[in-house]
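Note sheet for the following structure.
The values are calculated or read from the model by the stated rules, or taken from the named source; none is laboratory data. What you see is a predicted model, and the numbers here were worked out from it, not measured in a lab. In this analysis, Cβ positions are derived from the backbone assuming ideal geometry, glycine residues included, and neighbour counts consider all displayed protein chains.
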Amino acid sequence: MTPLPPVFPASRIVGGSEAYPGSWPWQVDVRRRGGHICGAALIHRQWVLSAAHCFQSKELSMYTFILGKYHEFATDATEQVFRSAVIIKHHDYDWRTSDNDIALIKLSTPATLTPYVQPVCLPQADPKAGQLTVATGWGYTQGTGGDDVLKQVLLPLVKTSKCNSTSMHDGSITENMLCAGYQEGQQDTCDGDSGGPLVYPDNTDQTWRLAGLTSWGSVPCAASMRPGVYTRVTRYLQWIQEKMAAY
């Protein structure tokens, strides 16, 4: 499904804008004990991708996954709420470096697909540096507005060698990561956006594909010369397929 065309007016994610309801129907709200902690992306009726660092507890009952959501602090008529049947964190996830920051979650039951709940396509190859991508989430806005609704921000991918330079992330970017953002900063994902989707339009088949999952970035968010860092989904396609088949 192609979401509604996004708009990018003045109100911000940090430096983004409010999304339309249903624009990004694969967006998942991840909650622990009822409070928002992270985002995630629906990739199949019963499977969700997120960041490994979002799941510090092994107690499945602590987490809920809400699909079709728009307002963070109010219930939407389009919502579908799930528990998890299993949470699979990547076996090589390293909390010190944030390498392999990916988790695959099987929902307790399959979602009902609607205009507000649709899976995003997995990537076939990495998009090139300069490709415009969209990150979405309910994360911290640093006072830039739109705190109650899903927000979106348009970010260009940054070449890994540039992102790894001494003037940016100084060697912290592994082959399992993507960078996206602006040299001047001002627009970025932030706390609470972790695990959420970074998507791009594939013009060959008119679909949106999942390039990355929000992983880590600068403190404060949206600092100059510190693009946001995302888990590179293409590195995990085989792992995803193997785990989905096993469970």
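Before moving on, here are some points about what is shown:
- Selection of segment 148-163 for residues being surrounded by fewer than 23 Cβ atoms within 10 Å (Cβ to Cβ) and either part of a loop (DSSP other than H, G, I, E, B) or touching a His at 6+ places or on another chain (Cβ under 9 Å) (or both) yields Asp148, Val149, Lys159.
- Residues that are among the aliphatic types (A, V, I, L, M) and buried (at least 19 other Cβ atoms within 10 Å of the Cβ) were ranked within segment 217-239; the one that is modelled with the highest pLDDT is Val233.
- Thr114 vs. criteria in the same structural domain as Val48 (by TED's automatic domain parsing) and not hydrophobic (A, V, I, L, M, F, W, C): yes
- Selection count where residues are of a type in the set (A, V, I, L, M) and surrounded by fewer than 24 Cβ atoms within 10 Å (Cβ to Cβ), scope segment 28-43: 2
- Verdict on Ala125 being assigned by TED's automatic domain parsing to the domain that holds Ala77, of a type in the set (Gly, Ala, Ser) and at negative phi: no
- Close pairs (9 angstrom Cβ cut-off, 6 or more residues apart or separate chains): under 25 Å from Asp76 (Cβ atoms) in segment 105-134, hydroxyl-bearing (Ser, Thr, Tyr) and in a loop (DSSP other than H, G, I, E, B) anywhere: Lys106/Tyr247; Thr114/Thr78; Pro115/Thr78; Tyr116/Tyr70; Tyr116/Thr78; Val117/Thr78
- Candidates are the residues of segment 4-27 that are crowded, with 23+ Cβ neighbours inside 10 Å and within 12 Å of Val134 (Cβ to Cβ); the one that is modelled with the lowest pLDDT is Ile13.
- Scope segment 72-97; condition of a type in the set (Gly, Ala, Ser) and assigned to a strand (DSSP E or B); matching residues: Ser84, Ala85
- Restricted to segment 73-105, and to residues there that are of a type in the set (Lys, Arg) and more than 17 Å from the chain's Cα centre (by Cα), the residue that is nearest to Gly35 (Cα to Cα) is Arg83.
- Residues that are over 17 Å from Gly139 (Cβ atoms), in contact (Cβ under 8 Å) with a residue 24 or more places away in the chain and either crowded, with 21+ Cβ neighbours inside 10 Å or of a type outside the set (S, T, N, Q) (or both) within segment 59-68 comprise Leu60, Met62, Tyr63, Leu67, Gly68, listed in sequence order.
- Filter pass, Gln186 being on the phi > 0 side of the Ramachandran plot, touching a strand residue (DSSP E or B) at 6+ places or on another chain (Cβ under 8 Å) and at pLDDT below 95: yes
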